[in-house]
Amino acid sequence: MRLGVLDVGSNTVHLLVVDGHHGAHPWPVHSEKVVLRLAEQIGPDGALTEAGADELVKAVGLARAAAAGLDTAELIAFATSAVRDATNSREVLARVSDETGVRLEVLSGADEARMTFLAVRRWFGWSAGRLLALDIGGGSLEIAAGIDEDPQVVVSLPLGAGRLTRDRLRVDPDSAAPPSAEAVEALREHVDGLLDPVVEKLAEVGWERAVATSKTFRTLARLAGAAPSGAGLWARRSLTRDGLRQVFGFIRHIPPRHLWELEGVGVGRAHQLLAGAVVAEAVMRRLDVPSLDICPWALREGVVLRRLDQLTPM
């Protein structure tokens, strides 16, 4: 079966097309994405701006056409925190449906965490024991932990790198100066405050292996010395707390408009990297995680796997 997954995230609209069947490894056929940074296009009233909605409709329409051109049998389309949290979410979803024919399902933060956890579990297998899975998106932070394919604990917090860059650091891609030390410290206190209620709950579950997904964690790991993307999907990658501290120590002094010049940092969300690093450091510190394994599978793959599970075995 050729299956398409359209992920309308807080930073990108990403189409992934795979071939697979029940019980099979899903093999990627095509991947394309458009950087929209919807988390940064939320106005003071909490609504997605008209320009942001225009860009979203265009991107979804192009993705649908691409999926059709690849003879995709089914297209699963979903949206996460940026659309979910927008005060005009219902109107935006209706417009996307009317103008593109694509019905976006809005995933809750808990569902994001569960689907991502499923992908992590399948990637590392049962031998990984109890898992802790962390994912920093553009609008939210998802945490899940447990021994099964369905996690015992799921947490979703409004600690996405794009959201915090917009609301707390207040920088844009063209900023010529890094955020002040006071702004960074205030952000750290904010993140710690939101983590307070979940630390004890997660500690009660426990884990043998801590894993991170998402572009933010992959970029931080690359800056800390992990293998580049060119090394392939199967290369082992990790991020240590000491390595993260070193990365944080130098990126906090680099103007946002120059962060993309670092090897492994993408242009589209480079200015969000500092906020992402603050969240990553806080989570690793508060949960006492010395090292994270980087998983190449995340939410999109989790959605694919769940759908393939529903198919009749061949």
Just to make sure I understand: if all protein chains stay in place, what is the order of SER89, SER180 by accessible area at 1.4 Å, largest first? SER180, SER89
What FRET efficiency would be calculated for the residue pair ASP150, GLU189, taking the C-beta separation as r and a Förster radius of 30 Å, to the nearest 0.05? 0.35
Sum of side-chain charges, LEU93 neighbourhood, beta-carbon under 14 Å (Lys, Arg +1; Asp, Glu -1): -1
Show SER291, SER140 ordered by accessible area, largest first, where the area counts protein heavy atoms only and the probe is 1.4 Å. SER291, SER140
Total charge of the residues flanking VAL154 in space, meaning their Cβ is under 12 Å from its Cβ, with Lys and Arg +1 and Asp and Glu -1, is -3
Just tell me the longest site-free run in the chain, where the sites are GluC sites (Glu not before Pro) in a DSSP loop having at most 10 other beta-carbon atoms within 10 Å. 1-260
Would you give the gap between the C-alpha center of the stretch 40-66 and the C-alpha center of the stretch 1-29, rounded to a whole Å? 21 Å
Between SER31 and TRP234, what's the calculated FRET efficiency when r is the beta-carbon distance and R0 is 25 Å? Round to 0.05. 0.90
Take each complete run of DSSP H in the chain, measure how far its Cα atoms stretch along the helix's own axis, and keep only those covering 24 Å or more with mean Kyte-Doolittle hydropathy at least 0.0; list them. 50-69, 181-205
Mind listing the Cα extents of the stretch 1-125 along all three principal axes, in Å, largest one first? 45, 32, 21
Whole-number percent relative contact order across the chain, with pairs defined as alpha carbons under 8 Å at least 6 apart: 20 percent
Relative contact order of the stretch 212-301, pairs being alpha-carbon contacts under 8 Å that are 6 or more residues apart, as %: 44 percent
Scale the Cα Rg of the stretch 120-264 by the rule-of-thumb value 2.2 N^0.38 Å and send over the ratio, two decimals. 1.13
CD proxy at 222 nm, helix term only [per DSSP H run n ≥ 4: -39500 (n - 2.57); per residue of the chain; nearest 500]: -13000 deg cm²/dmol
Quick numbers on the stretch 187-308, Rg and Dmax over C-alpha atoms in Å, give 15.1, 46
Set the Förster radius R0 to 51 Å, insert the Cβ-Cβ distance between ARG245 and GLU74 as r into 1/(1 + (r/R0)^6), and round the FRET efficiency to 0.05. 0.70
For ALA231, net neighbour charge (Lys/Arg +1, Asp/Glu -1) across residues whose Cβ lies under 14 Å away: +3
Additional length obtainable on full extension of the chain from ALA181 to TRP260, 0.36 nm per residue less Cα span: 26.3 nm
The computed P(r) of the stretch 125-183 puts the percent of Cα pairs beyond 17 Å at 54 percent
Rg to Rh for the chain: what is it, with Cα atoms only and Rh by Kirkwood? 0.95
ARG285, ARG245, reordered so the largest accessible area comes first (probe 1.4 Å): ARG245, ARG285
Filtered trypsin sites (Lys or Arg not before Pro), the stretch 151-228: DSSP coil and at most 16 other beta carbons within 10 Å: ARG170
Relative contact order of the stretch 58-181, please, whole-number percent, based on alpha carbon pairs below 8 angstrom and at least 6 residues apart. 18 percent
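The values are calculated or read from the model by the stated rules, or taken from the named source; none is laboratory data. Here the structure is a predicted model, which is why all the values come from computation and not from measurement. Neighbour counts run over all protein chains shown; Cβ positions are idealised from the backbone, glycine included. In case anyone asks, the SASA skips ligands and DNA or RNA and just uses the protein heavy atoms, side chains included. Shrake-Rupley method; radii C 1.70, N 1.55, O 1.52, S 1.80 Å.
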